[in-house]
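Novice: Here's a structure for you.
No value in this document is a laboratory result; all are computed from the given coordinates. Since the structure is predicted, the reported quantities are computational estimates derived from the model, not experimental observations. Counting neighbours? That spans all protein chains shown, and the Cβs are built from the backbone with ideal geometry, glycine included.
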Amino acid sequence: MNGREISERSGSVIFDTNILIYLSKKIIKSKTIVTNSSAISVITKIEALGYDFSDKDEHKILLAMCDLLPVVSLTDNIAEATIMLRAKYRIKLADAIIYATALVEEKPLLTNNIQDFKSLNEGVELINPFSL
């Protein structure tokens, strides 16, 4: 999949925490992946803003990204999907919430940590930003 294909799908994706960190460090350019339909899970916001930045400018970029992107709240449906994922796959809580958010919202998950989610066979499309 390339960037054009993401934009043809309206760019409707959920960002993993590592995506926000890469954006703040300018490892990924926002114009290639951020669209009107991009969103983050509430846990992504919590993890990202809790990241220990040595560069204050990176933290400012991250704050701006969290203000720009819609934040999907932890709903009962996401909580139930998270519980199912944790019981079935024994994954970390944060990863389970992020994946459950994509699952419930029926959106692909943009992540560089494909391996963290690859074993979850629940139908969420995993997209590596470095393969766009």
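Novice: In degrees from 0 to 90, rounded to the nearest 10, what is the angle of the helix 76-89 Cα long axis to the longest principal axis of the chain?
Specialist: Once rounded, one gets 70 degrees.
Novice: Nearest 10 degrees is fine. How inclined is helix 56-68 to the longest principal axis of the chain, computing both from alpha carbons?
Specialist: Roughly 60 degrees between the two axes.
Novice: Relative to the longest principal axis of the C-alpha atoms of the chain, give the angle of the C-alpha long axis of helix 93-105, reported between 0 and 90° and rounded to the nearest 10°.
Specialist: Between the helix axis and the principal axis of the chain, the angle is about 90 degrees.
Novice: Return a whole-number percent for the relative contact order of the chain, with Cα pairs under 8 Å and 6 or more residues apart as the contact set. Show your work: numbers first, answer last.
Specialist: Working: 187 pairs, mean separation 37.7, N = 132.
The normalised contact order for the chain reaches 29 percent.
Novice: Looking at the chain as a GNM with Cα springs under 10 Å, which of 52, 16, 116 has the largest mean-square fluctuation?
Specialist: Residue with maximal mean-square fluctuation among 52, 16, 116: 52.
Novice: Pull out a ≥ b ≥ c, the square roots of the eigenvalues of the alpha-carbon gyration tensor of the stretch 35-90, then state rounded if a/c is under 1.5, prolate if not and a/b is larger than b/c, and oblate in the remaining case.
Specialist: Oblate, since a/c reaches 1.5 and b/c is not below a/b.
Novice: What's the exposure ranking of 45, 56, going from fewest to most Cβ atoms within 10 Å? Before the final figure, lay out each step's value.
Specialist: Working: 45 20, 56 8.
Ranked by crowding around the Cβ, least crowded first: 56, 45.
Novice: Once amide H atoms are built 1.01 Å from N in the peptide plane, which residues 5 or more positions from residue 72, or in another chain, come under 5 Å H to H?
Specialist: Counting only residues 5 or more places away or on other chains, the set is 40, 41, 42.
Novice: Report, in deg cm²/dmol and to the nearest 500, the calculated mean residue ellipticity at 222 nm for the chain, where each DSSP H run with n ≥ 4 adds -39500 (n - 2.57) and the sum is divided by the residue count.
Specialist: So the calculated ellipticity at 222 nm is -15000 deg cm²/dmol.
Novice: Moving to a separate point now. Output the pairs from 29/107; 25/118; 56/107; 25/88; 56/88; 31/118 with a Cα-Cα distance over 29 Å in this structure; if there are none, say none.
Specialist: Exceeds cut-off: 56/107; 25/88; 56/88.
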